[in-house]
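One structure is given here, and the rest of the page talks about it.
The values are calculated or read from the model by the stated rules, or taken from the named source; none is laboratory data. A quick note: this is a predicted structure, and the numbers were derived from the prediction, not measured. Here the Cβ positions follow ideal geometry from the backbone for every residue, glycine too, while neighbour counts run over all protein chains shown. Just so you know, the surface numbers come from the protein's heavy atoms only, side chains and all, with ligands and any DNA or RNA stripped out. Shrake-Rupley method; radii C 1.70, N 1.55, O 1.52, S 1.80 Å.
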Amino acid sequence: MKNRKWLTLMVCAGLVTAVTACGSSNSNGNDKEAAVPDKTAAPTTAVVESDSKPELKTLNLWSKDDYNTYTLAKVVEERTGYKVKYEMLPADKAMDKLNLLISSAEPYDAITITGEKAVYTDYAKMGALVDLTPLIEKYGENIKASISQESFDAMKVDGKIYAIPNRASQFAGSSLMIRTDWLDKLGLKMPTTIDELTEVLKAFKEKDPGGNGASGAPLSIDGALATMVNVTGAFGIATSWNEQEGKLVPTPLHPGFKDYLTYMSDLYKQGLLDKEFAVNKDATLKEKFTSGRVGVIPLPWYDIPGIADALVKNFPDAKYAYVPALKGANGQAGLGMNGGFDRITFIPKSAEHPEDAIKWINAKLEKETFKLISIGEEGKHFTFKDGVYSPILPLFTDERGLASNYLTGIDEKLYPIYWQARVQKDLRLFEGFTFLNKEIPAEDRVPDPLAMAPSLPEYSKNNASLNQMINDFAVKVIVGEESVNKVAAFAEKYNAAGGESSIKEVNDWYASVKK
């Protein structure tokens, strides 16, 4: 097996395992015949026959569709000249599988994961990844033209670039979804404050508009996400780190954390929060909502189509809508915004064709090729009018619904514009996105202050385990296993487990960028 030296180092050091699982595609693409290459485009690089180049082997995020047979596989091959064998990570325990593959030096030429920089940083420091800095300089003309210096700086580990980032558009991604037909049935208005939400939940419990009796619950959440979107914002903790007196403070040290836990534990005691929430998985949570057992759940906008289909199948007259940013006792409100990176692509030391992998990535970022992969052909997959890209349905969804899975780096200037078409591929999805990002006031949408932070060793090393500590403690307080008065003691444990060093490192960086 090749690269024994770094492999031994990794095995001895141990791979990171306590990380968030890789995401999956939420699009509805179906296998179709391969699309014909865009004959009208004038690429700056000629299409080369794939048999003159080595076949590449890549590892990607999980998808319900086979990367190898989906329309875009052939498009990418014809435009880049590279035939690619695509494999994917599993939907569950993806990081466990990835750690195993990295430690066994599987010869992937490129690996794409979610934008979890802690994982990438660990691999880079273990010597498991190829330094891309010289390869990008030599073969990455389109890469350098497409990706900003700010994004590359955020990718650097010890001054070197080990990954190609897909920078995420900054948007509010989630809020509480509520059954508005239940509101209408009881003559209730949409809640706009924490107190109003409580009253709505009480009415759902007492008057039972879903007809569930004791088997239902007004509100439920995912047990792995006990700090609930929107409600946390009413207590001043819209994101994981929030500014207090000019410094960034993590959730356990924020004064609103105790108040949030008090509020949630009170909901639990009153039977307004699902008694089974602690063991809920994402799929369980959604099933409870679509089966009518629960009236309110946190939901990302990109999950709306699947939820809507299942809900209306069970209840044809069901209606739903997002709850606006709820205001707390002191008027605070906030929905955390996504940012940073959606995906990260790196080349492991075990790759057999690292130079060709960079050439392949570079070829995909040629402007016309990138546009063709992202949104297809004008008049066939999309229309362009008054500066707006709109999808032609259903072909756009059928043949470009999974396009993001084939992007290894994006044109950071053009993709946010092309993205208009992607978010419109389902009207229900578009309406949810628009509500969160147009109708919610700008002051109530809170950016993640660490979205574009560079590699921070202490933070990266500790973040996953500290987040798990926070969630475990929050669950215990909410269900009554721990007293809310233990928050101060928990903060001390948090600091001792790496929180203190992370806070110092984060704020040293934050002070440098605020100058």
- Item | Any pair with Cβ under 9 angstrom, 6 or more apart, that starts in the stretch 73-96 at a residue that is closer than 22 Å to Glu377 by Cα and ends at one that is among the polar types (S, T, N, Q) and at pLDDT 95 or above | Val75/Thr369; Val76/Thr369; Arg79/Thr369; Thr80/Asn362; Thr80/Thr369
- Query: Just checking, which of Val446, Val423 is without any contact (Cβ under 8 Å) to a residue 40 or more places away in the chain and either over 30 Å from Ala357 (Cβ atoms) or open to solvent by less than 50 Å² (accessible area, probe 1.4 Å) (or both)?
  - Reply: Val423
- Query: For the stretch 388-400, what are the residues that are farther than 21 Å from Asp66 by Cα, in contact (Cβ under 8 Å) with a residue 24 or more places away in the chain and not in a strand (DSSP E or B)?
  - Reply: Leu393
- Item | Residue list for the stretch 243-302, filter: open to solvent by less than 70 Å² (accessible area, probe 1.4 Å), among the hydroxyl-bearing types (Ser, Thr, Tyr) and in a helix (DSSP H, G or I) | Thr251, Tyr260, Thr262, Tyr263, Ser265, Tyr268, Thr284, Thr290
- Those residues of the stretch 74-99 that are open to solvent by 10 Å² or more (accessible area, probe 1.4 Å), more than 20 Å from Lys349 (Cα to Cα) and at pLDDT 95 or above come to a total of 5
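Go through Phe382, Phe396 for me and flag whichever is buried (at least 20 other Cβ atoms within 10 Å of the Cβ) and under 22 Å from Ser146 (Cβ atoms). Write out each step before concluding.
Working: Phe396 fails: under 22 Å from Ser146 (Cβ atoms).
Just one listed residue meets the conditions, Phe382.
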- Message: Being open to solvent by 10 Å² or more (accessible area, probe 1.4 Å), more than 26 Å from Tyr418 (Cα to Cα) and assigned to a loop (DSSP other than H, G, I, E, B): is that true of Asp317 here?
- Response: yes
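Considering each residue of the stretch 175-211, count those that are under 25 Å from Tyr302 (Cβ atoms) and among the hydroxyl-bearing types (Ser, Thr, Tyr), and give that number. Give the derivation first.
Taking the stretch 175-211 as the starting set, the residues that turn out to be under 25 Å from Tyr302 (Cβ atoms) are 175-183, 190-192, 197.
Checking the rest, the ones that are also among the hydroxyl-bearing types (Ser, Thr, Tyr) come to 175, 180, 192.
Number of matching residues: 3.
For Thr193, indicate whether it is closer than 30 Å to Val323 by Cα, β-branched (Val, Ile, Thr) and either within 22 Å of the chain's Cα centre (by Cα) or surrounded by fewer than 19 Cβ atoms within 10 Å (Cβ to Cβ) (or both). First the steps, then the outcome.
Working: closer than 30 Å to Val323 by Cα: yes; β-branched (Val, Ile, Thr): yes; either within 22 Å of the chain's Cα centre (by Cα) or surrounded by fewer than 19 Cβ atoms within 10 Å (Cβ to Cβ) (or both): yes.
It is true that Thr193 is closer than 30 Å to Val323 by Cα, β-branched (Val, Ile, Thr) and either within 22 Å of the chain's Cα centre (by Cα) or surrounded by fewer than 19 Cβ atoms within 10 Å (Cβ to Cβ) (or both).
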- Name the one entry in Ile221, Ile143 that is of a type outside the set (S, T, N, Q), open to solvent by less than 10 Å² (accessible area, probe 1.4 Å), touching a residue at least 24 places away in the same chain (Cβ under 8 Å) and farther than 30 Å from Met469 by Cα. Ile143
- Take the stretch 338-353 and flag every residue that is modelled with pLDDT of 95 or more and touching an Asp or Glu at 6+ places or on another chain (Cβ under 7 Å). Ile347, Ser350, Ala351, Glu352, His353
- Considering the stretch 153-189, residues that are open to solvent by 10 Å² or more (accessible area, probe 1.4 Å) and of a type in the set (A, V, I, L, M, F, W, C), and then whichever is farthest from the chain's Cα centre (by Cα), we arrive at Leu186
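Would you say Glu137 is of a type outside the set (Val, Ile, Thr), surrounded by fewer than 17 Cβ atoms within 10 Å (Cβ to Cβ) and either touching a residue at least 12 places away in the same chain (Cβ under 8 Å) or closer than 30 Å to Ser465 by Cβ (or both)? Explain how you work it out, then say what you get.
On the way: of a type outside the set (Val, Ile, Thr): yes; surrounded by fewer than 17 Cβ atoms within 10 Å (Cβ to Cβ): yes; either touching a residue at least 12 places away in the same chain (Cβ under 8 Å) or closer than 30 Å to Ser465 by Cβ (or both): no.
Here the answer is no, as Glu137 does not meet what is asked.
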- When only residues in the stretch 449-502 that are charged (D, E, K, R) and either touching a Cys at 6+ places or on another chain (Cβ under 8 Å) or modelled with pLDDT of 95 or more (or both) count, which is surrounded by the fewest Cβ atoms within 10 Å (Cβ to Cβ)? Glu481
- Query: Within the group Gly387, Gly409, Gly376, which residue is surrounded by fewer than 17 Cβ atoms within 10 Å (Cβ to Cβ) and on the phi > 0 side of the Ramachandran plot?
  - Reply: Gly387
- Task: List every residue pair whose Cβ atoms sit under 8 Å apart, with the two residues 6 or more apart in sequence or on different chains, where the first one lies in the stretch 492-515 and is among the charged types (D, E, K, R) and the second, anywhere, is part of a helix (DSSP H, G or I).
- Result: Lys493/Met469; Lys504/Glu458; Glu505/Pro457; Glu505/Glu458; Glu505/Tyr459
- Starting from residues that are assigned to a loop (DSSP other than H, G, I, E, B) and of a type in the set (A, V, I, L, M, F, W, C), keep the ones in the stretch 100-137 and report whichever is farthest from Ile347 (Cα to Cα). Met126
